[in-house]
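Below is one structure, written out as structure tokens; comments come after it.
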Amino acid sequence: MYPAFFLYVLLFFLPTVVSLFFSLTRWSLQDWQFVGLDNFVMYFQEAELRIGFRNTIIYAVLTSALKVIIGLYLANFLTSKLRSKDWLRSVVFFPTLVSTIGVGYTFGVLLDPFEGPVNKGIRAVAANIGLVTDGPGWLTDANLLPLLSIAFVDVWKGVGFATLIYIAGMASIGREYYEASAVDGASARRQFWSITVPLVRPAMFSVIILSFIGGLRSFDLIWAMTNGGPGFISDVIASINYKQYQAGFYGLATAGNVILFIFVTALVIPLSRFLNKREVAA
Amino acid sequence: MNLLSRKQKPKVKYRSIWVEIGAILVTSIVFIFPFLFILFTAGKDAKSAFKLEFSIPEKWYLWENLLTVIQADKYLIVRATYNTLVLTIFSVTLLVLISGMTGYVIQRKTNRVTSTASFMVLTALIIPPAIVPTIWVLQQIGLYKTMTGMVLIEVAYGMAFAILIFRNFVATIPRELDEAAIIDGCTGWALYFRIIFPLLKPVTLTIIIIATVSIFNDFVNPLYFLPGEKNATLQQTLYNFQGRYSTQWHLLFADILYITIFPLVAFIFFNKKIIAGMTAGSVKG
């Protein structure tokens, strides 16, 4: 236990505390100059950085919501009587194991607005029914579309993990509930809503919390697919912080980190309180 | 007797065959199509790969492309493979040892130290790590840009989740077992390694899989904490590769294919174990 304690203090607790101080400075890692709240003021003044806030929320809510819902349906389907159960489970789960960067580049190419196979397909289909279209600019559009495309890829890659957590949860539901309700004449749909959904709740909460935290903090997929672009359209707080760090604005990057810290804590703690209460009530 | 045996073999009622064929088709298109695209593009020559078509290569250049990628930058990718494997193996081993013990102690003893520790686990799970100050701390102790420092970082960041899962699993092991072992004179380290650790096997497998996947595929942390060409990990080389070969798709995809081979081989051999292991520990996670 002591090594864990030591690592935690050295590499997690200490930096977090130190970050509160250095976020108030102009900092070059060697020396620092106290600038008060300037970093935070600067952070909030720039319009691009405010986009980051909006995007972080959209990305986290969208990816976790889709994983929660699609994962639940997939798990329900994959626990039913299937001949090809093993194959289907493997196929759905495999993307979870693969490099995020690799997946990002692959979809970056697939969704390329001009040369990408997806838009080529769309154009071909459109031409068949007499429409002329370029197809959507999945990753180059000037509005929300790039962020949504990335969120979709995130779900593609991560839904297998959510499904597996659900399957584990469903495995612990007693068969007798289903048998008893079948005797009472409940349909499959009714069984799903009245037995599976309520009893799989602990697994559902794990999926919600894990994917929500992941969605708020991660930026590697965004980095691989658009670098936050075009412009700052698909930037999230974490990718902005990396850009500041890359540019050598260590004080500013640290302030961004503190903001992300407050942001995540302010969203996740009430959420997990709420979910825990529901769990006790259920 | 007769009744029992009939009861144990209920007639399995499968779903309609059409539903299954539909499911196989849909999942294949959604989940396998992108991987086939990687394979096909990695197998083409420069000219036909440039067209970015989803088609089987007329002539396969897979081996040549892989060789080109491996030889690029004086075999940098070999160095990167070595780095990634070292990082993954050491981090995962240390992570399992440390967080298993910590999870055990936190679950078994209740005093002020352990309740503080439980609180710490929760904070570490939620709070995003402060990156630049961590670099500063690593610099002060001379571990910045070193493999040792990187291993410690991965362990520190992976710990919270692992401890949580170990702790939940230890809760299902009866306390009487500890007590019986203590009466027989088995205490401290021996108690943990002889009695408890073997019982943690299913959940240890879960942690090993999750940690291996996340550390092997980790891009962001080595980006911050382990810069420098000789320290490059596989994910880093792929990232740099993309900058340089942004239009030589056959090489870029050969690199992606190379990186995907590791999880693919692991998955083919340990498929059942991975899925079973993932489900064992994550119920209460």
Tell me, yes or no, whether the stretch A:93-101 has at least one residue that is surrounded by 21 or more Cβ atoms within 10 Å (Cβ to Cβ), without any contact (Cβ under 8 Å) to a residue 12 or more places away in the chain and within 19 Å of residue B:267 (Cα to Cα). yes
Only one of A:144, A:164, A:148 is away from chain B (no Cβ under 14 Å) and under 26 Å from residue A:91 (Cα atoms); which? A:148
Collect the residues in the stretch A:79-106 that are among the hydrophobic types (A, V, I, L, M, F, W, C) and either within 7 Å of chain B (Cβ to nearest Cβ) or touching a Leu at 6+ places or on another chain (Cβ under 6 Å) (or both), keeping them in residue-number order. A:82, A:88, A:91, A:92, A:93, A:94, A:97, A:98, A:101
I need the full set of residues from the stretch B:122-158 which are of a type in the set (Ser, Thr, Tyr) and open to solvent by less than 20 Å² (accessible area, probe 1.4 Å), in order please. B:134
How about the stretch B:70-84: which of its residues are crowded, with 22+ Cβ neighbours inside 10 Å and either polar (S, T, N, Q) or not in a helix (DSSP H, G or I) (or both)? B:84
Residue check for residue A:218: under 28 Å from residue A:48 (Cα atoms) and of a type outside the set (Phe, Trp, Tyr): yes
Qualifying position, being part of a helix (DSSP H, G or I) and open to solvent by 20 Å² or more (accessible area, probe 1.4 Å), among B:95, B:87, B:67: B:67
Quick one: residue B:217 ticks every box in (1) of a type outside the set (D, E, K, R); (2) surrounded by fewer than 21 Cβ atoms within 10 Å (Cβ to Cβ); (3) within 8 Å of chain A (Cβ to nearest Cβ) except a single one, so which number is it? (2)
Considering only residues that are surrounded by 21 or more Cβ atoms within 10 Å (Cβ to Cβ), in contact (Cβ under 8 Å) with a residue 60 or more places away in the chain and part of a loop (DSSP other than H, G, I, E, B), which ones fall in the stretch A:224-243? A:226, A:234, A:235, A:236
Being in contact (Cβ under 8 Å) with a residue 40 or more places away in the chain and of a type in the set (D, E, K, R) is true for just one of A:217, A:189. Which residue is that? A:217
Is it the case, given these coordinates, that residue A:127 is among the small types (Gly, Ala, Ser), in a helix (DSSP H, G or I) and surrounded by fewer than 21 Cβ atoms within 10 Å (Cβ to Cβ)? yes
Output the residues belonging to the stretch A:5-16 that are over 26 Å from the mean Cα position of the chain (by Cα) and either at pLDDT below 75 or open to solvent by less than 20 Å² (accessible area, probe 1.4 Å) (or both). A:5, A:6, A:7, A:9, A:10
State whether the residues of the stretch B:173-183 include one that is farther than 30 Å from residue A:257 by Cβ, without any contact (Cβ under 8 Å) to a residue 60 or more places away in the chain and small (Gly, Ala, Ser). yes
Test set (1) of a type in the set (Phe, Trp, Tyr); (2) touching a strand residue (DSSP E or B) at 6+ places or on another chain (Cβ under 9 Å); (3) in contact (Cβ under 8 Å) with a residue 24 or more places away in the chain; (4) more than 8 Å from chain B (Cβ to nearest Cβ) - residue A:250 fails condition number: (4)
Quick one: count up the residues across the stretch B:17-64 that are part of a helix (DSSP H, G or I) and out of contact with any Gly (no Cβ under 6 Å at 6 or more places or on another chain). 33
Return a yes/no flag: does the stretch A:174-193 have any residue that is closer than 30 Å to residue A:99 by Cα and in a helix (DSSP H, G or I). no
Select, from B:188, B:149, B:142, the only residue that is within 11 Å of chain A (Cβ to nearest Cβ) and either closer than 30 Å to residue B:238 by Cβ or without any contact (Cβ under 8 Å) to a residue 40 or more places away in the chain (or both). B:149
Could you tell me whether the stretch B:162-181 includes any residue that is at pLDDT 85 or above and closer than 25 Å to residue B:226 by Cα? yes
For the stretch A:43-60, check the following and say yes or no: at least one residue is more than 14 Å from every other protein chain (Cβ to nearest Cβ) and part of a strand (DSSP E or B). no
Per the filter on the stretch B:98-121, residues of a type outside the set (Ser, Thr, Tyr), assigned to a helix (DSSP H, G or I) and exposed (fewer than 15 other Cβ atoms within 10 Å of the Cβ) are B:112, B:113, B:119
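The values are calculated or read from the model by the stated rules, or taken from the named source; none is laboratory data. On a predicted model such as this, the values are computed, not experimentally measured, just so you know. When we count neighbours, we look across all protein chains shown, and the Cβ atoms used for this are built from the backbone with ideal geometry, even at glycine. Ligands, DNA and RNA are excluded from the accessible area calculation, which covers all protein heavy atoms including side chains. Shrake-Rupley method; radii C 1.70, N 1.55, O 1.52, S 1.80 Å.
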